[in-house]
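One structure below.
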Amino acid sequence: MSGKISPKRDDTSTAAVVDIEDPIEITNGKVHHEKTAKEYVHVARLAFNTGRTRNLKYRKEQLLKLLKMYQETAEDMVAALYKDLRKPKQESYNTEVDLIINDLKNILDNFKSYTTSDYPPKPLANMCDTVEIKKDPYGVVLIIGAWNYPIQLSLLPVAGAIAAGNCIILKPSEIAVETADYIARTLPKYLDKECYQVFLGGVTETTDLLRERFDYIFFTGSPMVGKIVNEAAAKYLTPVTLELGGKSPAYIDDNTNIELTARRLIWGKTVNAGQTCVAPDYVLCSKNTQDKLLSVVGKIVKEMFGDNVQDSKDICRIITDRHFNRLINLLNSATVGYGGDYDPQDRYIGPTILIDVKPNDVIMQEEIFGPLLPVINVESVYEAITFINLNEKPLALYIFSKNQKNINLILESTSSGGVTVNDTLMHVVCESLPFGGVGNSGLGSYHGKQSFDTFTHRKSVLRKSFNPLMEKMQSVKYPPYSDGKMKFVQAVNSKRRGLPCKFLSYLFVFILGCWLLCW
């Protein structure tokens with residue numbers, strides 16, 4: 001797809017026309033494709049069946065073109081992110097543009113090793129056979145992006161899916177209007193238009209897509225919608241990756257460095273105005289530590305954003321009026337310990353700490369997704385662990401402590417998608433670590449090699465020969481059965497230790513073969 005979409009920024013009324021191979025008309029927030037969702041999938045299916053995405057040279061060429069797109073249009077991405085979220089340039093590069101570039105470079109650097117078959121150790125019974133794990137593409141995959149990091153969450157999984165040899169239908173978030181426009185206009189200028197298609201639209205269009213049969217679905221969004229996607233996928237037993245969210249806790253120990261803790265905590269909560277699936281959602285700490293936190297947070301906010309935070313160019317805005325109003329309702333339901341300022345006209349909410357919060361308060365019933373940080377007081381690390389375990393498994397967990405015993409206790413006693421100790425968010429950008437949730441916070445993972453593995457079916461292949469000696473050895477598997485044959489098969493298949501090297505294994509098989517020839 002290509003062409004320019006220029007909808008109005010108002011959340012309820014958009015209108016535009018795009019001049020492309022599949023013309024799209026957007027009127028009153030509804031997208032009208034001349035091609036149906038079924039036709040999009042049909043085009044992708046025909047393209048996959050040609051076999052061209054299985055070709056490694058073709059895949060690498062497409063990945064290099066994707067890298068060229070990132071490098072040549074980086075400023076276009078930054079401009080779109082600013083229009084959608086008022087995202088600062090450095091934040092756009094650090095959390096979106098550079099992240100997808102570095103992830104793609106990592107895939108290109110390791111492309112040969114990722115795509116080469118694996119040859120696992122062979123059991124004694126298969127010592128003369130070839131045991132192989134081939135890396136097969138699934139086929140036609142659907143990737144549904146999210147609005148909070150609309151570049152990263154849409155395009156980062158695309159690289160892994162291309163590297164694995166799949167055809168893709170990419171559905172960017174309709175809420176991040178400018179970024180969806182950028183993707184729809186730009187991707188077809190660089191990549192194969194049949195193998196990698198962009199499908200725009202909202203709930204109706206996504207519902208149409210989910211009625212179709214895909215070979216893999218990758219979804220980023222809320223647990224509620226994730227369940228809907230999973231239910232649609234189950235109709236065809238389609239495998240899924242669900243990158244969801246939840247309430248990610250931050251535990252602050254009494255012995256932590258409070259100023260560094262506050263700086264890293266406030267940073268993690270204000271990146272993208274808190275509209276981050278792994279943002280610290282709430283704090284667990286003692287009343288004494290809460291007071292220490294409140295005593296330093298004002299100074300740190302001033303260091304980061306100046307005397308008037310709203311005038312700072314380094315803080316984002318809430319994505320829509322609807323999201324803003326939801327956050328203000330949460331804010332008004334709690335007691336403000338710091339901050340609490342907001343401006344509806346600007347969709348601005350300042351960094352805010354909420355105190356005297358109870359587990360059953362409204363703000364603790366759903367993921368916040370904004371710069372509001374409630375504090376729940378606990379008296380010990382054991383009480384914090386109990387609280388965490390009474391709730392759904394979070395996507396991220398943050399531990400601030402100098403006490404290694406307490407750190408290890410939390411790590412061993414809780415379950416979460418990922419953990420950062422003494423900082424926030426940073427485990428997500430470490431490309432050697434898989435990123436994903438567990439339980440209500442997600443299913444499956446990606447980033448780095450895991451992105452390739454996610455979109456790859458590991459196909460088991462056993463290659464046997466027609467060698468007469470090998471057939472003689474295998475004759476024990478054929479009827480008529482006997483106790484002697486059974487004991488021989490058991491002996492060959494039994495697990496044993498102590499074989500010093502591969503040579504002895506081959507020697508043992510040779511001796512067995514000679515014995516069988518005389519049997």
>> Out of 412, 392, 383, I need the residue that is surrounded by fewer than 21 Cβ atoms within 10 Å (Cβ to Cβ) and closer than 28 Å to residue 157 by Cβ. Which one?
In response: 392
>> Given the criterion without any contact (Cβ under 8 Å) to a residue 12 or more places away in the chain and within 23 Å of residue 35 (Cβ to Cβ), identify the matching residue among 179, 186, 207.
In response: 207
>> If I filter segment 272-324 down to residues being within 25 Å of the chain's Cα centre (by Cα) and part of a strand (DSSP E or B), which single residue comes out as farthest from residue 407 (Cα to Cα)?
In response: 282
> Within segment 68-81, which residues are closer than 12 Å to residue 93 by Cβ and within 23 Å of the chain's Cα centre (by Cα)?
Replying inline: 70, 74, 77, 78, 81
>> Show me the strands (runs of 3 or more DSSP E) entirely contained within segment 116-174 in which 1 or more residues are at pLDDT below 95.
In response: 130-137
> Taking segment 164-198 as the region of interest, how many residues are under 12 Å from residue 143 (Cα atoms) and touching an Asp or Glu at 6+ places or on another chain (Cβ under 7 Å)?
Replying inline: 0
> closer than 25 Å to residue 80 by Cβ, touching a Gly at 6+ places or on another chain (Cβ under 6 Å) and crowded, with 18+ Cβ neighbours inside 10 Å: does that describe residue 243?
Replying inline: yes
> Is it fair to say residue 110 is in contact (Cβ under 8 Å) with a residue 12 or more places away in the chain and more than 18 Å from residue 179 (Cα to Cα)?
Replying inline: yes
>> I need every pair where a residue in segment 457-469 that is closer than 29 Å to residue 165 by Cβ has its Cβ under 7 Å from the Cβ of a residue that is assigned to a loop (DSSP other than H, G, I, E, B) and modelled with pLDDT under 90, sequence separation at least 6 or different chains.
In response: 462/129; 463/129; 464/129
> Assuming residue 236 fulfils every condition listed in (1) within 30 Å of residue 374 (Cα to Cα); (2) out of contact with any Phe, Trp or Tyr (no Cβ under 7 Å at 6 or more places or on another chain); (3) not in a helix (DSSP H, G or I) apart from one, which condition is it?
Replying inline: (1)
> For residue 265, which of the numbered conditions (1) part of a loop (DSSP other than H, G, I, E, B); (2) in the same structural domain as residue 313 (by TED's automatic domain parsing) fails to hold?
Replying inline: (1)
> Do you know which residues across segment 132-152 are crowded, with 24+ Cβ neighbours inside 10 Å and among the aliphatic types (A, V, I, L, M)?
Replying inline: 140, 141, 142, 143, 144, 151
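The values are calculated or read from the model by the stated rules, or taken from the named source; none is laboratory data. Bear in mind that the values here come from a model prediction, so they are computed numbers and not experimental data. Using ideal geometry, Cβ is built from the backbone for each residue, glycine included, and neighbour counts are taken over all protein chains shown.
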